[in-house]
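The values are calculated or read from the model by the stated rules, or taken from the named source; none is laboratory data. Being a predicted model, the structure only gives us computed values, none of them experimental. Here the Cβ is made from the backbone with ideal geometry for all residues, glycine too, and neighbour counts use every protein chain on show.
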Amino acid sequence: MKLLARWAILALAFWVATGFLSGITVNGGFWKYLWVALLFGLINTFIGSLLKLLTLPAVLITFGLFSFIINAAMLMLTSRWSSALDVKNFGYALLGSLIISVVSSILNRFFVRARWL
């Protein structure tokens with residue numbers, strides 16, 4: 001149940017990011033947001049985790065801020081692998097990854113960890 005809640009929260013975070021940033025668009029409706037969230041979650045879990053491990057010194061030196069660079073790269077990779085997501089450039093990907101991280105962290109803390117689901 002928590003996995004489905006996190007997936008829905010990530011899709012909602014994508015919706016918020018596309019609402020704030022004109023450089024990130026999801027082509028389609030509700031199902032496309034779920035597809036993009038699923039693909040981004042899988043890419044970030046496998047490739048992003050490996051990249052964070054390989055770039056651990058840079059992450060430690062920047063006090064974790066380099067993680068946003070990695071998340072932006074994973075967002076660009078998701079855009080490249082999915083026709084449903086369009087990201088104009090790396091700057092929008094960086095802002096989008098920041099918005100997605102903040103929104104999903106807040107909602108996960110509020111709903112998933114608070115045992116509402």
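Structure data summary
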| quantity | calculated |
| --- | --- |
| Complete set of residues in region 39-53 that are at pLDDT 95 or above and charged (D, E, K, R) | none |
| Which listed residue, of L94, L117, L75, is of a type in the set (A, V, I, L, M), touching a helix residue (DSSP H, G or I) at 6+ places or on another chain (Cβ under 9 Å) and at pLDDT below 95 | L117 |
| Test: residue in region 54-61 that is touching a strand residue (DSSP E or B) at 6+ places or on another chain (Cβ under 8 Å) and either at pLDDT below 95 or surrounded by 12 or more Cβ atoms within 10 Å (Cβ to Cβ) (or both) | no |
| Scan of region 19-64 for residues that are assigned to a helix (DSSP H, G or I), in contact (Cβ under 8 Å) with a residue 24 or more places away in the chain and not aromatic (F, W, Y), ordered by number | K32, L34, V36, A37, L38, L39, G41, I43, N44, I47, G48 |
| First in region 93-104 and crowded, with 19+ Cβ neighbours inside 10 Å, second anywhere and of a type in the set (S, T, N, Q) and assigned to a helix (DSSP H, G or I), Cβ under 7 Å, 6 or more apart | S97/N71 |
| Inter-residue pairs, beta-carbon under 6 Å, first charged (D, E, K, R) and in region 1-17, second part of a helix (DSSP H, G or I) and buried (at least 16 other Cβ atoms within 10 Å of the Cβ), 6+ apart | K2/V112 |
| Leading residue by the ranking (surrounded by the most Cβ atoms within 10 Å (Cβ to Cβ)) among those in region 78-92 that are touching a Gly at 6+ places or on another chain (Cβ under 9 Å) and either of a type outside the set (G, A, S) or in a helix (DSSP H, G or I) (or both) | V87 |
